[in-house]
1. Keeping to the range 66-94, report how many residues are under 20 Å from D137 (Cβ atoms) and open to solvent by 10 Å² or more (accessible area, probe 1.4 Å).
2. Taking T92, is it β-branched (V, I, T), under 18 Å from I301 (Cα atoms) and either assigned to a loop (DSSP other than H, G, I, E, B) or modelled with pLDDT of 95 or more (or both)?
3. Find the residue count for the range 95-109, including only residues that are part of a helix (DSSP H, G or I), open to solvent by 10 Å² or more (accessible area, probe 1.4 Å) and farther than 28 Å from R28 by Cα.
4. Going through the range 158-179 one residue at a time, which ones are touching a residue at least 40 places away in the same chain (Cβ under 8 Å), open to solvent by less than 30 Å² (accessible area, probe 1.4 Å) and more than 22 Å from R255 (Cα to Cα)?
5. Starting from the range 190-203, take each residue that is open to solvent by 70 Å² or more (accessible area, probe 1.4 Å) and list its partners that are modelled with pLDDT of 90 or more, counting only C-beta distances under 7 angstrom and pairs at least six apart or across chains.
6. Just the residues that are open to solvent by less than 10 Å² (accessible area, probe 1.4 Å) and touching a Pro at 6+ places or on another chain (Cβ under 9 Å), please, taken from the range 110-123.
7. Can you tell me which residue among V213, V234 is surrounded by 18 or more Cβ atoms within 10 Å (Cβ to Cβ), part of a helix (DSSP H, G or I) and more than 17 Å from the chain's Cα centre (by Cα)?
8. I'm checking my understanding of the structure. Among residues of the range 137-154 that are outside any helix (DSSP H, G or I) and farther than 16 Å from I182 by Cβ, which one is most open to solvent (accessible area, probe 1.4 Å)?
Amino acid sequence: MYIAIVLLLTVVMVAAAITQIGYLQITRMRVKNDLKLFTVLEKAGLYSRERYESLRKSEVAITSFDGLKLCGAAIENNPGSKHWMILVHGYTGSRAVSTQFIDLFTEEGYNVLLIDQRRHGRSEGRYTTYGYYEKHDVQAWVRWITQQYGQDVAIGLHGQSLGGGTVLEYLSIAEPQVKLVIADCPYSDLTDLMRHQLTRLNKIPSVPFLSWVNARIRRKAGFSLDQVSPIRAVRNSTLPVLFVHGTQDHYVPTRMSIEMFKVKPEPKQLLLIEGAIHANAYHIDPELYRAGVHAFLRKYIGQPVKTYQPEAAQVPQTEETPPLHPFQLELDGSLETI
């Protein structure tokens, strides 16, 4: 009897621990600092902190619909251009990891807005919700651009991993100024993704743990896994979407982009990068990535139209930016974050 009670208590404690760890891993995993992210980018030959710091840019801060301070950086390399790209990073990253894509768009005549998603970088927030709340943050950034640069701007969204899911979720509430979306290694459905990561990557049965984790997320973070399903937004959108995915992505399975591409109405494109794992398609084949993105931009937005400005425009300085977060994590050389 005593042994049975001990075994039962042990099982209960292990189950509770797995549930708590799952909840924390999904919504509150520790965010990487900018030094770590830039070091990874530099090792991959994608971008450097020194180069980013040398750019002429302006710090921007806005307030989310639920009162959080959201931070970003506007890079107006093409003064007078009415074309803007908003770059949205992945889980545990920050705007730093999005710097690898700056040239991809500025060389096409775009200005770029790098944002820190809620709970990441310099932005406030306690939980990551995979687009459930973040899509409204993107909406706030879109409106900031239109307020500063006019209702006639043409805005594109580029999101990687968590950012990819976020910009696809945004399709359900998109403003008319948003003309297209580029989703790099996005998930199609959060429940499906978490089931995959539990069973395939962590060898934990999804039953009953997924429902337990979901219940805790709903109670603590205010959303549930089934409320995040980018494939639903994609199915009902006629905005042009370019899906990009590595063929060797086992973290967010390649099939997820393929599934969304199949159900999305035209216009749509699918770019598969052979041999790329999660979040490194641009690193593996930058020429193919660049060619695909540029062709997509030219087809669905066209060449930027500039207005005459005698001097480079300055983005309004809305709030002084606090210093970078202290260094917290060791470097692991991985770009594989959601």
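The values are calculated or read from the model by the stated rules, or taken from the named source; none is laboratory data. Bear in mind that the values here come from a model prediction, so they are computed numbers and not experimental data. Cβ placement follows ideal geometry from the backbone for every residue including glycine, while neighbour counts extend to all protein chains displayed. The accessibility values were calculated without ligands, DNA or RNA, using every heavy atom of the protein model including side chains. Shrake-Rupley method; radii C 1.70, N 1.55, O 1.52, S 1.80 Å.
1. 4
2. Criteria not met by T92.
3. Result for the range 95-109: 2.
4. V178
5. R195/L210
6. Once the filter is applied, which keeps residues that are open to solvent by less than 10 Å² (accessible area, probe 1.4 Å) and touching a Pro at 6+ places or on another chain (Cβ under 9 Å), the range 110-123 yields Y110, N111.
7. V213
8. Here the answer is Q151.
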